[in-house]
Amino acid sequence: MSTYTLITLILCFILVLCTSYISKNKGTLMEYMVFIMSFSMSIGLSIGFYFGILFKGDLLYSTLFSILISSIIGFLVGLRFHLYSALEGMFSGLMAGMMGAMITEMLSAQQAHSILLISILLTITITTSCIIQFLSETFSPYIHRWFLLLLSISIAIVLTVFVTFPQHTPSLPTKHEQHIHKH
């Protein structure tokens, strides 16, 4: 699960970062801030859930790592457009990473695994919509002509991730945990 999740989140980040720099879109600052906020929050939640599962039982480290990585991602993606967008992305990622780590700490391992899957699917969906929006002006004739194909490919990607996402395998309790539960 961990390699699969990391590769998916890294690909989403790289794709949004690259398309934001390729884009010649002349949107308003508010439009950019909305896209950056939605992307930073979705990837921040996924990162928070991931580190919450990875460091289960250690809220401090899961929160710190998810806050750090999510805010850096939000800042880097937003910096291409404006300093305000970078700050919006940074604080949205920070807040979402913190919430993801805290929510995961309160859930069972199976529930945390399920919410991580939902969060990754949301991140992929928002990544796809951001890419289409960022490139809509630069490649306008192609996007309008092939929009249904792009939408079909996006749905196929989401379904593929949903079907191929690794199943949760519960870990065996240690001798110490077994001893505690017996008494």
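The values are calculated or read from the model by the stated rules, or taken from the named source; none is laboratory data. The model shown is predicted, which means the values in this text are computed figures rather than measured ones. Cβ: placed from backbone, ideal geometry, glycine included. Neighbour counts: every protein chain shown. Just so you know, the surface numbers come from the protein's heavy atoms only, side chains and all, with ligands and any DNA or RNA stripped out. Shrake-Rupley method; radii C 1.70, N 1.55, O 1.52, S 1.80 Å.
What the table shows:
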quantity	calculated
Matching residues, segment 61-93, being surrounded by fewer than 22 Cβ atoms within 10 Å (Cβ to Cβ) and of a type in the set (A, V, I, L, M)	L64, L68, I69, I72, L76, L79, L83, A86, L87
Residue in segment 1-24 that is modelled with the lowest pLDDT, counting only those that are open to solvent by less than 20 Å² (accessible area, probe 1.4 Å) and under 13 Å from C130 (Cβ atoms)	S23
Residues satisfying the stated conditions in segment 87-112, i.e. among the hydrophobic types (A, V, I, L, M, F, W, C) and in contact (Cβ under 8 Å) with a residue 24 or more places away in the chain	M90, L94, M95, A96, M98, M99, A101, M102, I103, A109, A112
Selection count where residues are closer than 22 Å to I115 by Cβ, touching a Phe, Trp or Tyr at 6+ places or on another chain (Cβ under 7 Å) and either of a type in the set (V, I, T) or modelled with pLDDT under 90 (or both), scope segment 25-55	1
Residue within segment 26-35 that is of a type in the set (D, E), more than 28 Å from V163 (Cβ to Cβ) and open to solvent by 70 Å² or more (accessible area, probe 1.4 Å) present	yes
Qualifying residue in segment 41-57 (condition: aromatic (F, W, Y), part of a helix (DSSP H, G or I) and touching a residue at least 60 places away in the same chain (Cβ under 8 Å))	yes
